[in-house]
Amino acid sequence: MQKFTAIMLDGMSYAAWLFLVAVGLTLIYGVMRILNIAHGAFYAIGAYVCASALGVYYSLGLPGVFAFALMGVVALVAGLIVGLIVERGVLRNLYGRDEVLMVLVTYALFLILEDAVKLIWGVKSYFVYQPYAHFGFIEIGGLPYQVYDLLIVALAVVMGIALWFWLERSRMGRMTTAVVADREISAAMGINVKRVFATTFAIGTIFAVVGGVVTAPKIAVTPGIGVEVIILAFAVVVIGGLGSIPGAAIGAVFAGYARALSVHLAPEFELFAIYAVMAVVLAIRPHGLFARASGRKI
Amino acid sequence: MMKTDFRREPLHIAILAGLLILGFFLPDWMRFLLQTALAGGLVALGVALQMRAGLVNFGQGLYYVLGGYAVGMLAAKAGITDVFLLLIAAIAIATVAGVVLGLLLSRYREIFYAMLSLAVSMILYGLLVKAAWLGSTDGFNIPAVTYLGWTPDRTVRPDVYYITTAVLTVLACLATARYLTSGAGMLCEAVAENEIRLEYLGASSRKVAFIAIVVAAALSGLGGGLFAMSTGHVDPLMTNWTTSGGFVFVALLAGRGSTIAPVIGFFLLELVRTYALDFAPNAWQMILGSVMLAVILLLPNGLWSLTEWRRKA
Amino acid sequence: MHKTIIPLCLAGTLTATGAWAQDDTIQIGVPVFLSGPAAGAFGQPERNAAELLFDSINEGSVPAPYDSEGVNGRTIEATFSDEASDAVVEYRNLVDRNGAEVVIGYTSSANCKSVAPLAEELQTLTVFVDCGTPQIFEEVVTDPTYVFRTGLTATTDAVGAARYLVDTGVDLSRVAGINQNYAWGQDNWRDFTGSLEALETGSEIVSEQFPQVYVGQYGAEASALLTSSPTLIFSSFWGGDLEAFVLQAAPRGLFARSQVILTTGEALFPTIPDELPEGTIISARGPFSVFAPENELAEWFRTAYAERFGQEPTYPAWKMAQAVLGVKAAYEKAGEGADSTAAAEAMENLEFEAPSGTVRMSLGNGHQAAQSISYGTYVLEDGEPGVENVITYSAECINPPADQTAAEWIAAGFPGAECD
Amino acid sequence: MTDPILVTENLEKRFGGVVAASEISLSLYPGETVAVIGSNGAGKTTFVNMVTGYLKPSAGAIRFRGRDITGSTPRKTAQAGIRRSFQISQIFPQLTVLENVMMADIAAADGKGGLWGAALTKPRMDRGRAVLERFGLESHADTEVGTLPQGVKKQLDIAMAAIDDPALILLDEPTSGVSVDEKIEMMDRVIDPLKGGGATLLFIEHDMDIVTRFAERTVAFYEGRILADGPTDEVLVDKEVKRYVIGGVHA
């Protein structure tokens, strides 16, 4: 029974984290057709910036509660700056190029950003564990669980809904949806596709940065933390169907529970649980669970 | 225009052979770098072949590791050290894997092909990491190989290994060029461009893709075998996605103008990498990334387009 | 120095760029992790220690018996290289291109395994600083000439851990493990559980977690450990993974509910000393850091390191210092004008002084160091991290005799072990 | 009278609840040129798609040269000798015109096990050039297809369908996307070479002038059924056809 509770909670918690790190990737792909490897670097930057900002904050002896507000501000500002620099500086000059080539571009960016992070922050570890301990733990079915982890679940849900709302309800969001549906027609209809791209890329980046910011208090912020994230995020969005936001949610749930199940029931399979899920899903549904039907008309 | 000018292939390969002979005059460390780059280059060539059919394989390391482990296990565990048997085994096992996986994967296209092949290669990675008897992530070492009973001693071994690698690379390029001029090879571009048209002409795009996957697997198996022989060590990292990603990047950077492009491209990239490491051990990734970005921006069709530019001028 | 411009010509006659060692300098190649997740935990302290030692040796400011300037009077010139690259290729580059006469480094066992035969082939004195795997001299190079390891194997950690737990009467009825899913973690867990069996503790293994290395998210693993209610949890985690595990598991009471033993726990001292719960059993993988003996060298190293880098050295730094001093000792034993080969000959079965006390190269045909290992429980004294209840196990107690592999020795129940 | 080359019996296609085609019984005879007319959604393309194996009929049967090919695949029907062109031309955009027909020739050889031999042979080259000449495309031989005007692309699409002299060629709106005053000229350029290969032709067309000019027989589709089938001059004056089909087109 306790094991069941644990699996439910762990799966949910891991799924929420996966969703946060993956949804930006799927959004950027859906709109811009760029499979952004640099996403992992954005995540790492988020973690580092959070660690530095909060480090300064705590060293001033300020009250712990407002640290969370600072985390939000940091995520927004860092995401916006990094996203816009990369979009304006590099990607803007390359729109319309081959999809595979863009993967290469973002890989090159990833390498550059990884070392940039290293040059700025060095290779030593950074810690900001205070937020993680701030709310303490509660016992659920006899299992102590960190409140912070449950808050990440809430955050993932809220941000997912907010993103969905933005796409469905706001003007910019609807323009984005139109660009996803048909880039040429949208441009012909007077939608500023470049602006849509810039906005999308910034939002996608912010999501990656948020992922890093909320993770920083749980981990040692060290070089290389972005590498594994990329491949996990890829797996999640492929399971769900590339470019689909509900797909990213479902993919995260699949991958999250696959991992929780394997950790509790068959730890020896943890290493490839997520890949196994991906292989099985693709074998059954070659385009992922939530893929848009794109039958070519002849 | 077709991406490969087939009439020039024999010339290209002859140039490659010439360059490899010049390799004898390189300092030892660089010739060794060239030797391992040739092994990797064959894998990149395999990736490039599939790319002609629009298939981007992010798990090509699977065949590379199979070739490497085939050589390693036969030599280290079964005591078979004859280089010819070992390399034939490397090619054979990779080919068999290519056939089996090709049956599944030839249905897939675009990113889904990329991700499914990645998933499969990572599952193999996971299995190898679990295999304590194969040294897990540490992998294991491979004894020196023999040539029909002759064991080259320490002083000539580097030369012999280099010659083996160079000769087999050239032969592999020739075989690949021959494949590319066959119907199956030519139709790859048709698969990438318009499968509907291809099917309506009575050709099977799945079959064309399947053949490309199998040929690429064989090349990669040979590459893995040669790498294992050269470095005397194999480990599961050979099938990690980072390794496979490297092959994709070389295939893309090099361009598809010739079978020798990925092979030479791999060497150039390794050269940049090692010099970057030497100059700036703390920032070599940044240099590597910048070089890649510069190539993409300045040479949209890959390094090979340099040669075409010269031809036009 | 050997800076050249990247030659983009393909087959131009490239001259070897390495300036071959002149008589008054000695080129040392130092491959350590400069990028990736191991850079902070290992690469940085190792590099720091190497730089400190090289500079101090060149100045002659290391205490006796190392107070002479340079190595046999030759000034050390170091080339650092990133271990997170193809080890075989980069090793050749260090030796052939950069003209390294000695190579000191390597943390990853995979790299040590692939480099060891090459070092023999290229006839270059190569001293492994870390590398947990016992296979180096058991399988990879059984008859070494040029390859040495001045650090202990992971087997030592695991055997020492089991002995300490038994000797201090820790409840071993329900044992769980969380180790990284790669050779290091797998070997540690295998040797540890094997040692428990050899010591006949009758433990039940209730959970065996093998999370992927560098994954950083241990919520599910912590839950699995909590729900299996172990009395003891063994972990060989290191670096960011160890820190993340402590940060995520400690607040949930895992350390309060079960006794936890961390074989690399000492490395947490400069990073998260306040978060590591007191009472956790830790080691430094040898007589390093808080477990180091009190001697002049240790005192000098600790102070000089802290002064220069603003932080106490962690055990990887100690291991690097030990390796560097071992090389100096070997060269000086071989005498004026010694080259790589002569130094390697001299290093065989060498006894030399290090901040960690006397190091005896008595195992692996005289190529593997034998040292003691200590475990203790973690305490914070006035906010300063420390240990108490320390037990030190002599080299003869926790290392297999020369004619046995670690695995055989554990399986046979430690025959020939001499413990006090 | 000779046997029909293609026979369909009561073909039916439903998509969910929507009936796209039903009770389509049609016979084509060797050497005929047949036009298919009907408004959008009348089931013309659905019919062609079923015959060429792109869609599986929900009911009914298709026989080609006496062999049952119901529910076959595009590849198998192509190998059997049925080829088609497309409303939106299906070509290899990054290859040159000559390379396109060569590729088509190689692809056609796949069905005959010709994948392993050297592909760029002299005879194949000659064949490719001959095809271009037949269809008046030789001046474009070395132009990359993607850059060509719509009309030339359609012409190439049709030329590729004619590779290897198939027995039956189905043209799906060969003149769509071609400007009104070029339509007839375009048909003039392709019909003769196609007939020259001895093929039976069926084409879908909206322009009645072209139908009158090039088809001896016309089949009119309406709401998924055959409304009329007979000599072109009779079908086009049929009252129902005028009301439902031709009127519909002009409306």
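Okay, residues lined up against (1) under 30 Å from D:MET102 (Cα atoms); (2) in contact (Cβ under 8 Å) with a residue 40 or more places away in the chain; (3) more than 8 Å from every other protein chain (Cβ to nearest Cβ); (4) part of a loop (DSSP other than H, G, I, E, B):
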| site | (1), (2), (3), (4) |
| --- | --- |
| B:ILE213 | yes, yes, yes, no |
| B:ALA217 | yes, yes, yes, no |
| B:GLY224 | no, yes, yes, no |
| B:PHE227 | no, yes, yes, no |
| B:SER244 | no, yes, yes, no |
| B:PHE249 | no, yes, no, no |
| B:ILE264 | no, yes, no, no |
| B:GLU270 | no, yes, no, no |
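Of all residues in segment C:149-204, which are assigned to a strand (DSSP E or B), closer than 23 Å to C:THR377 by Cβ and free of Cβ contacts under 8 Å to residues at least 60 places away in the same chain? Walk me through it before giving the result.
Our first condition is that a residue be assigned to a strand (DSSP E or B); within segment C:149-204, this holds for C:149, C:174-178, C:204.
Still in the running and closer than 23 Å to C:THR377 by Cβ: C:174-178.
Within segment C:149-204, C:ARG174, C:VAL175, C:GLY177 meet the criteria.
When D:VAL249, D:VAL190, D:VAL178 are checked against the criterion of being β-branched (Val, Ile, Thr), modelled with pLDDT under 90 and surrounded by 23 or more Cβ atoms within 10 Å (Cβ to Cβ), D:VAL190 stands alone in meeting it.
Could you tell me which residue of segment D:53-75 is nearest to D:GLY31 (Cα to Cα), considering only residues that are among the aliphatic types (A, V, I, L, M) and within 14 Å of another protein chain (Cβ to nearest Cβ)?
Within segment D:53-75, the subset among the aliphatic types (A, V, I, L, M) is D:55, D:59, D:61-62, D:69.
Those still in the list that are within 14 Å of another protein chain (Cβ to nearest Cβ) too: D:55, D:69.
On the way: D:LEU55: 26, D:ILE69: 20 Å.
Only one residue fits best here, namely D:ILE69.
Quick test for you: out of A:VAL158, A:VAL103, pick the one residue that is under 21 Å from the mean Cα position of the chain (by Cα), away from chain B (no Cβ under 14 Å) and part of a helix (DSSP H, G or I).
On the way: A:VAL103 fails: away from chain B (no Cβ under 14 Å).
From the options A:VAL158, A:VAL103, the qualifying one is A:VAL158.
Residues that are more than 24 Å from D:GLU173 (Cβ to Cβ), within 9 Å of chain B (Cβ to nearest Cβ) and surrounded by fewer than 22 Cβ atoms within 10 Å (Cβ to Cβ) within segment D:77-104 comprise D:GLN79, D:GLN94, D:THR96, listed in sequence order. Looking only at segment A:181-201, how many residues end up being surrounded by 19 or more Cβ atoms within 10 Å (Cβ to Cβ), closer than 22 Å to A:VAL21 by Cβ and among the aliphatic types (A, V, I, L, M)? Of the residues in that region, 0 qualify. Can you find, within segment B:59-110, the residue that is nearest to the chain's Cα centre (by Cα) among those that are within 19 Å of B:ASP235 (Cβ to Cβ) and among the aromatic types (Phe, Trp, Tyr)? Checked segment B:59-110; the qualifying residue nearest to the chain's Cα centre (by Cα) is B:TYR64. Determine whether segment C:122-133 contains at least one residue that is crowded, with 24+ Cβ neighbours inside 10 Å and acidic (Asp, Glu). Yes, there is a match, as at least one residue in segment C:122-133 is crowded, with 24+ Cβ neighbours inside 10 Å and acidic (Asp, Glu). For segment D:225-232, the condition holds for at least one residue, the condition being that it is over 23 Å from D:GLU133 (Cα atoms), loosely packed, with under 15 Cβ neighbours inside 10 Å and either charged (D, E, K, R) or in contact with a Lys or Arg (Cβ under 9 Å, 6 or more places away or on another chain) (or both). When residues in segment B:186-211 are screened for being more than 7 Å from every other protein chain (Cβ to nearest Cβ) and closer than 27 Å to B:ALA166 by Cα, 1 of them pass. What are the residues in segment C:61-108 that are assigned to a loop (DSSP other than H, G, I, E, B) and among the aromatic types (Phe, Trp, Tyr), if any? Once the filter is applied, which keeps residues that are assigned to a loop (DSSP other than H, G, I, E, B) and among the aromatic types (Phe, Trp, Tyr), segment C:61-108 yields C:TYR66, C:TYR106. A single member of B:ALA144, B:ALA166 is under 17 Å from B:ALA70 (Cα atoms) and outside any strand (DSSP E or B), and it is B:ALA144. Restricting the first member to segment A:223-244 and to residues that are within 10 Å of chain C (Cβ to nearest Cβ) and over 12 Å from A:ALA22 (Cβ atoms), and the second to residues that are of a type in the set (Phe, Trp, Tyr) and crowded, with 24+ Cβ neighbours inside 10 Å, the beta-carbon pairs closer than 8 Å and six or more apart or on different chains are A:ILE225/A:TYR43. In summary, B:GLY257 fulfils each of the numbered conditions (1) assigned to a loop (DSSP other than H, G, I, E, B); (2) at the interface with another protein chain (Cβ under 9 Å from one of its Cβ atoms) with the single exception of condition (2).
So which residues in segment D:106-133 are more than 18 Å from the chain's Cα centre (by Cα), farther than 19 Å from B:TYR179 by Cβ and assigned to a helix (DSSP H, G or I), if there are any at all? If the condition is that a residue be more than 18 Å from the chain's Cα centre (by Cα), farther than 19 Å from B:TYR179 by Cβ and assigned to a helix (DSSP H, G or I), then D:LYS122, D:PRO123, D:MET125, D:ASP126, D:ARG127, D:GLY128, D:ARG129, D:ALA130, D:LEU132, D:GLU133 are the ones that fit.
Residues checked against (1) among the acidic types (Asp, Glu); (2) in the same structural domain as C:ALA39 (by TED's automatic domain parsing); (3) at pLDDT below 95; (4) crowded, with 24+ Cβ neighbours inside 10 Å:
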residue	(1), (2), (3), (4)
C:GLY73	no, yes, yes, no
C:SER81	no, yes, yes, yes
C:GLU90	yes, yes, yes, yes
C:SER108	no, yes, yes, yes
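Note on segment D:88-105: among residues that are of a type in the set (A, V, I, L, M) and assigned to a loop (DSSP other than H, G, I, E, B), the one that is farthest from D:PRO166 (Cα to Cα) is D:LEU95.
Looking across D:ALA141, D:ALA162, D:ALA107, D:ALA119, one residue alone is more than 9 Å from chain B (Cβ to nearest Cβ) and buried (at least 17 other Cβ atoms within 10 Å of the Cβ). It is D:ALA162. Only one of the numbered conditions (1) surrounded by 24 or more Cβ atoms within 10 Å (Cβ to Cβ); (2) at pLDDT below 95 is not met by A:VAL210, and that is (2).
Which one of A:ILE185, A:ILE120 is within 14 Å of chain B (Cβ to nearest Cβ), part of a helix (DSSP H, G or I) and out of contact with any Leu (no Cβ under 7 Å at 6 or more places or on another chain)?
Working: A:ILE185 fails: within 14 Å of chain B (Cβ to nearest Cβ).
Step by step, each of A:ILE185, A:ILE120 is checked, and only A:ILE120 is within 14 Å of chain B (Cβ to nearest Cβ), part of a helix (DSSP H, G or I) and out of contact with any Leu (no Cβ under 7 Å at 6 or more places or on another chain).
The values are calculated or read from the model by the stated rules, or taken from the named source; none is laboratory data. Small disclaimer: the values here were computed from a predicted structure and weren't measured. All Cβ positions, even for glycine, are placed from backbone atoms using ideal geometry, and neighbour counts span all protein chains on display.
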